[in-house]
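Okay, structure first, notes after.
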Amino acid sequence: MPKKAKPQLSHYDASGQARMVDVSAKQSTKRTAIASAFVELSAAVLAALPANPKGNPLEVARFAGIQAAKRTSELIPMCHPLPLTHVDVEAAIVEGGVRIRATAATTGQTGVEMEALTAASVAALTVYDMTKALDKSIVIRAVQLEQQSGGKSGDYTRKK
């Protein structure tokens, strides 16, 4: 049985210099990713959300997350600019805070994990921005990839 190759970091060349991965030889496939984040809020902030003078923080967070996904390659140096075919961000009030779920999709040569993670992160930061006047102890937790599909590396689902 052949020995399995040790995984390597993909954004470095043989001499250890950071580089953008060349994906030109990869086949275009449908690729999707889902990421999440949690914004921990006090009961007082949660109660005040509907009456926020800056507008509905959850809608503003949704829009910010969608916009951020489309600009991921401008924020993360080695990310490829991607023609996204779909981005969706959901922000829901749950016990103890706001749960963010971001979905990104494309048909292309590289995945959309970074776009989904960026969308979730920026949506969470926007909830913070929209509510910080009420409480400075807000915590953003568990920004993480939940699922990905498509491409050579196969599918991934986070274990619960």
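Values as computed for the structure displayed
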{"read-out": "Local electrostatic count, A37, Cβ distance below 9 Å [Lys/Arg +1, Asp/Glu -1]", "value": "+3"}
{"read-out": "In order through segment 33-44: 3J(HN,Hα) via Karplus (6.51 cos²θ - 1.76 cosθ + 1.60), integer Hz, x for Gly, Pro", "value": "8, 10, 10, 9, 8, 10, 10, 7, 10, 5, 4, 5"}
{"read-out": "Evaluated at q = 0.10, 0.17, 0.23 Å⁻¹: base-10 log I(q)/I(0), Debye formula over Cα of segment 30-150", "value": "-0.29, -0.75, -1.18"}
{"read-out": "Residues whose placed amide H lies under 5 Å from that of T85, excluding near-sequence neighbours", "value": "A105, T106, T107"}
{"read-out": "Estimated FRET transfer efficiency when R0 is 35 angstrom, pair T85-E40 (beta carbons, to 0.05)", "value": "0.60"}
{"read-out": "Theoretical gain in end-to-end length, A51 to Q144 [0.36 nm per residue, Cα-Cα removed]", "value": "30.5 nm"}
{"read-out": "Segment 98-111 - phi-based ³J(HN,Hα) in whole Hz, Karplus 6.51/-1.76/1.60, Gly and Pro as x", "value": "10, 9, 9, 9, 10, 10, 10, 9, 7, 10, x, 9, 8, x"}
{"read-out": "Inter-label distance, nm, simple model (7 Å from Cα along the C-beta direction), S137/K30", "value": "4.7"}
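Bear in mind these aren't lab numbers, they're just calculated from the coordinates by the rules spelled out. Keep in mind that what you see is a predicted model, and the values were worked out from it rather than measured. Note: ideal-geometry Cβ built from the backbone for every residue, glycine included; neighbour counts use all protein chains shown.
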